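Input: a single structure, listed below in structure tokens.
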Amino acid sequence: MVRTKLNHISVRIKIMLIIIFVSMLSLSLAFVFMFAYDFISFRKMTIQEITNLAELVGAHNIAAIEFFNDANYYNGQKTAQDDLSRMISVDKRVQAAYIFTTNQKIFAGVNSPS
């Protein structure tokens, strides 16, 4: 039945339909691959930005973490808390930030106000 319908269509129209089909298929595939590439690269970029921000805060607070003791614990903790608060206010994607001591206890932590 399909064969009889195609027999009545001219060769020119058949070639045009093939070209249209191949063009639509290639454009659809290009769109899918571009969307996937953008999604993956955006995700990698976001992870890299947050990692850089965490490394910056960690490097800035390393002295407070390394040298705290009972006498100056509050001062180091307050400084770290202030740095974390500034970090959260700069980047709205960060909802919470914590700095841990070497024995896995929370040294300083801040949650997003919103």
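Scan the range 77-88 and give yes if some residue there is over 23 Å from the mean Cα position of the chain (by Cα), modelled with pLDDT under 85 and not in a helix (DSSP H, G or I), otherwise no.
Step one: of the range 77-88, the residues over 23 Å from the mean Cα position of the chain (by Cα) are 77-82.
Next, only the ones that are modelled with pLDDT under 85 stay: 77-82.
After this cut, where a residue has to be not in a helix (DSSP H, G or I) as well, the list is none.
No, there is no match, as no residue in the range 77-88 is over 23 Å from the mean Cα position of the chain (by Cα), modelled with pLDDT under 85 and not in a helix (DSSP H, G or I).
Which condition from (1) open to solvent by less than 70 Å² (accessible area, probe 1.4 Å); (2) at pLDDT below 85; (3) hydroxyl-bearing (Ser, Thr, Tyr) is the one that Thr4 breaks?
Here Thr4 meets the rest and fails (1).
The values are calculated or read from the model by the stated rules, or taken from the named source; none is laboratory data. It should be emphasised that the depicted structure is a prediction, and the values quoted were computed from it without experimental measurement. Please note that ligands, DNA and RNA were not included when accessible areas were found on the heavy atoms of the full protein model with its side chains. Shrake-Rupley method; radii C 1.70, N 1.55, O 1.52, S 1.80 Å.
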